[in-house]
Structure formats: structure tokens, C-alpha cells
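As C-alpha cells, the structure follows; a few thoughts come after it.
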Amino acid sequence: MIRIGRKAGITGATVLIVAMGSGVAAAAVISRGPVDNSGVSHGCWSNHAIKGSRVFVMQDAGTSCPGGTTPISWNAQGPQGPAGATGPAGPSTLGSAGLDVTMVQAATNGVGTAVAYCPADHPYAISGGGSVYNTPVNLVGTPAPMAASFPVSTDAGDPGGWAVVAVYTAAEPWPEGQVSSVTAYADCAK
């Protein structure tokens with residue numbers, strides 16, 4: 001017979017209690033409840049009916065059901081349903097040959113601004129530009145500075161054309177404000 005001293009018995013019991021406490025703490029950390037990280041719920045139901053009823057209990061995810069029960073799990077979100085019907089096609093400016101675009105232009109003589117407005121059947125200006133020329137008596141077709149080139153809007157607020165503005169300064173060889181030709185171009189789409 002082996003004899004265990006009183007100190008050894010108390011130490012052994014303390015270690016056993018601490019180990020059991022650690023096991024309970026570890027089980028509490030591992031056990032997160034009946035719903036796992038994927039959103040699946042877990043439970044157990046009794047194998048034998050009691051007066052036509054079965055017992056059901058929620059079971060912590062990752063643990064085994066007790067004896068005499070059968071595990072069951074379900075996804076609260078459910079499977080994804082079938083794809084819905086395709087919606088109607090939205091409006092398009094593309095025809096069989098591509099984007100339906102027309103170019104318009106407007107020219108002025110002796111005025112520093114020209115505006116090319118898009119026609120009603122192609123009301124949206126998608127791009128534009130222009131040119132400015134000065135033709136005083138001794139210069140023919142000399143390019144002059146363009147001060148601005150920008151889209152303009154219709155009353156509805158949609159881009160409806162393109163404007164080009166020329167501004168001259170006294171440092172240039174022709175009289176201030178003199179402009180012979182300003183032309184604006186607009187690419188207009190439906």
C-alpha cells in the first residue's frame with residue numbers, strides 16, 4: 001500500500017480543481033452557442049416519442065448530441081432562390097451602325113462668339129470645338145486666339161450645343177474686338 005502524505009493529497013486536489021476549472025473555462029471559450037460561423041443552427045431531437053411528441057434542444061455548435069438523440073441543423077437564411085426574369089431593355093442611342101451622331105456648325109462674321117445648336121432630332125451635344133480667324137486687309141486667314149470653347153444648355157438643362165468665343169487685345173496687330181470669322185462645331189447625338 002502506498003501512503004500519500006497530507007500535503008501531497010491537498011496539492012493533488014488543488015491541481016485537480018484548477019484543471020477542472022480550466023477545462024470548464026476552455027469549454028466556455030470553445031462553445032459559442034448553437035449557431036456556427038456560417039449561420040447554421042444546431043440542435044438535437046429525441047429518438048423516442050413521449051405520448052406522440054419528441055423533445056428538441058438547441059446544441060452548441062461543434063459538440064455532439066447526447067445519447068438517445070439525433071442531430072439536426074438548419075440554415076436560418078435558407079438557400080438562394082432562382083434568378084428573376086430579365087428586365088426590359090433600357091433606351092439606347094446605338095443603332096445597328098453604332099452611335100447616331102450628327103455634326104452641326106455655325107459661323108459668324110465680325111462677331112466674337114459663335115454657337116452651333118444641336119437639332120431637335122439629335123438634342124445632346126457630346127463634344128465640340130471651333131476655329132477663329134482674323135482677316136484684316138494685309139493678313140489673309142491668320143489664326144486668332146480662341147478664348148473659350150464649351151457646351152451650352154437648352155432650356156431643359158441638357159447640353160444642346162457648343163459655343164466658341166474669341167477675344168482680342170490691343171497688343172495684337174488688328175484693332176481690338178475685330179474678328180472676321182468664328183466657327184463653332186457640335187457633335188450631337190439622339
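Values in this text are rule-based calculations from the coordinates and carry no lab data. These numbers come from a predicted model, not from an experiment. Here Cβ is always computed from backbone atoms with ideal geometry, including for glycine, and neighbour counts include all displayed protein chains.
Which of the peptides 57-65, 124-132 is most tightly packed, and how do the rest follow, judged by the mean count of other Cβ atoms within 10 Å per residue?
Final packing ranking: 124-132, 57-65.
Would you please state the base-10 log of I(q)/I(0) at q = 0.17 1/Å for the stretch 33-75, with intensities from the Debye formula using one equal scatterer on every alpha carbon?
-0.44
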